[in-house]
Structure formats: structure tokens, C-alpha cells
1. Scanning for something away from ligand 2 (no atom under 16 Å from the Cβ), within 30 Å of G194 (Cα to Cα) and touching a residue at least 60 places away in the same chain (Cβ under 8 Å), does region 102-109 turn up at least one residue?
2. H29 versus (1) surrounded by 14 or more Cβ atoms within 10 Å (Cβ to Cβ); (2) free of Cβ contacts under 8 Å to residues at least 60 places away in the same chain; (3) in contact with a helix residue (DSSP H, G or I) (Cβ under 7 Å, 6 or more places away or on another chain): which is the lone unmet condition?
3. Going through region 38-61 one residue at a time, which ones are of a type outside the set (S, T, N, Q), touching a strand residue (DSSP E or B) at 6+ places or on another chain (Cβ under 7 Å) and more than 29 Å from M1 (Cα to Cα)?
4. Of the conditions (1) among the polar types (S, T, N, Q); (2) out of contact with any Ser or Thr (no Cβ under 8 Å at 6 or more places or on another chain); (3) within 13 Å of ligand 1 (Cβ to nearest atom); (4) part of a helix (DSSP H, G or I), S136 fails just one. Which one is it?
5. A202 - would you say it is in contact with a Lys or Arg (Cβ under 9 Å, 6 or more places away or on another chain), touching a residue at least 60 places away in the same chain (Cβ under 8 Å) and not in a strand (DSSP E or B)?
6. Taking region 73-95 on its own, how many of its residues are in contact with a Lys or Arg (Cβ under 7 Å, 6 or more places away or on another chain) and crowded, with 21+ Cβ neighbours inside 10 Å?
7. For region 165-186, what are the residues that are part of a loop (DSSP other than H, G, I, E, B) and either modelled with pLDDT of 95 or more or under 17 Å from the mean Cα position of the chain (by Cα) (or both)?
Amino acid sequence: MINQSSSPLAKHLVNTLRDEQCDAMAFRHGLKELAKLLLAEAVESLPLVERKIPTWQGSFVGTFVDESRVVCISILRAALPMQEGVLEVLTDAKGGFLAMKRDERTHESRLYYDRIPDLKGKTVIVVDPMVATGGSLHDALTIIGERGPDAIVSLNVIGAKEGVERVSSAFPGVSIHIAQIDPHLNTDAYIVPGLGDAGDRAFNTPDSD
Ligand code: PRP
Ligand code: URA
């Protein structure tokens, strides 16, 4: 299911990232803040637990996210600041990594590293700022789904309409929380207007291929 954020704060942060003058540090910071905001919007899909804690007024029973059942998986590289944002909030959740690189000629993504903890009984939060053709997220969800988690939530910053719809129709059980859906892809499969190459902008490598 696709959930596009209606938050003006999300729009503010996305549009700040679109600005060419947003440097690498500000770009990473914006991705991290967007991840926290999207996480708040996705909380209904996360496992909750009632827990008794000691407080200055004696014991108190309250609702918590069951962090022991959450794994946040980033699709390298551009998702690293988003993963940091999620793990700053859910401090006892586990982290996993899928390293993928899109071939800029064929636009197909290729997995070159994977390090994911056991997903049985877990809710996975997969993060990637960009959903262009949707190929990278599609392949990541295939790999994650094969490891048997209870549920999968995807947090994304900008998607092209066609890429997001492709992923959503292939994985109808995945809750996609996205800050902004842009109209289309250009002939190089970049999102328009988008924000350019998110990995290069986050890590200050404007000339990488
Ligand atoms: C970017 C982005 C997504 C992917 C989206 O990563 O972070 O993972 O492209 O494109 P798609 O939907 O068409 O697959 P990229 O492969 O450029 O790697 P990088 O983060 O290392 O730059
Ligand atoms: N990857 C990006 O980082 N940006 C796009 O627009 C498409 C793929």
C-alpha cells in the first residue's frame, strides 16, 4: 500500500534537499530527519508492546514499540543517513545492509554485499531515499521477503510514480511510506524533478559513475 505523506514539514524537508545549494552534510541531515518523520507516520505497522517500568511515581504500564522485533535495513549508499535516523529513535532495533548499485546504462540494480540478521518473527523497516524505476527496491524486497519476516515497511523520500506503482503492485503487503511522488523519469531513469543522484549528493562524489 502506498502512503504519500501529507505533512507540510515533509514537503519542506524534501524541497530543501532539491536545492542544488544543499551541501553533503545538510543533505545527509535532511535524509535523517525525513526518516524519523516517515517512521512516525509508519508506526501503526510496527509491533507494539505494553511494558511495566519504574518511574518516580512508582510503576507505570505504557505502550512501546517492540524494538526487539524490528530490523532496519538500508540499501547502500544513499540510505545510510536514513538508517541512522531510524536507529536513533528505535535504539534497540537491529540493523542490516543490502549494497546495491544501479547500472546507469541498463538501469538494472546489482547486489554486491548483503549482511542481514535473522528476520524470522521480525518487522523489517527497509530504507532507501529514491525509488526511480523501482528495480533496487523491488530486488531488495524480494531478498528480504525470502528471509521470512512477519511484516515489511518501506520508508522512501522521493519516488517516480511508475517506480512506486511497480513496487506496490509486486508487493501489495508492504506498507510504503513516501514523502513525495514525482511525475516521471527522464531518459536516463532519473526522477524528474527529483533531486539528482542521492548517493553522490550525500557523500560528495559528484563525478562517480
Ligand atoms: C540509487 C538509490 C536507489 C536506486 C534507485 O542508488 O539510492 O537505491 O538508485 O533507482 P531504481 O529505483 O531505478 O533502482 P544507486 O544505485 O545510484 O547507488 P548509490 O546509492 O551507491 O549511489
Ligand atoms: N537514483 C538516484 O539517486 N536518483 C534518481 O533520480 C534515480 C536513481
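The values are calculated or read from the model by the stated rules, or taken from the named source; none is laboratory data. In this text, all values refer to a predicted model and were calculated from it rather than measured experimentally. As a convention, Cβ positions derive from the backbone with ideal geometry for all residues, glycine included, and neighbour counts pool all protein chains shown.
1. Within region 102-109, none of the residues are away from ligand 2 (no atom under 16 Å from the Cβ), within 30 Å of G194 (Cα to Cα) and touching a residue at least 60 places away in the same chain (Cβ under 8 Å).
2. Unmet for H29, out of (1) surrounded by 14 or more Cβ atoms within 10 Å (Cβ to Cβ); (2) free of Cβ contacts under 8 Å to residues at least 60 places away in the same chain; (3) in contact with a helix residue (DSSP H, G or I) (Cβ under 7 Å, 6 or more places away or on another chain): (3).
3. R51, K52, I53, F60, V61
4. (2)
5. Judged against the criteria, A202 is a match.
6. Residues of region 73-95 in contact with a Lys or Arg (Cβ under 7 Å, 6 or more places away or on another chain): 81-82, 84-85, 89.
Narrowing further to those that are crowded, with 21+ Cβ neighbours inside 10 Å: 81-82, 85.
The total comes to 3.
7. Passing the criteria: F171, P172, G173, V174, N186.
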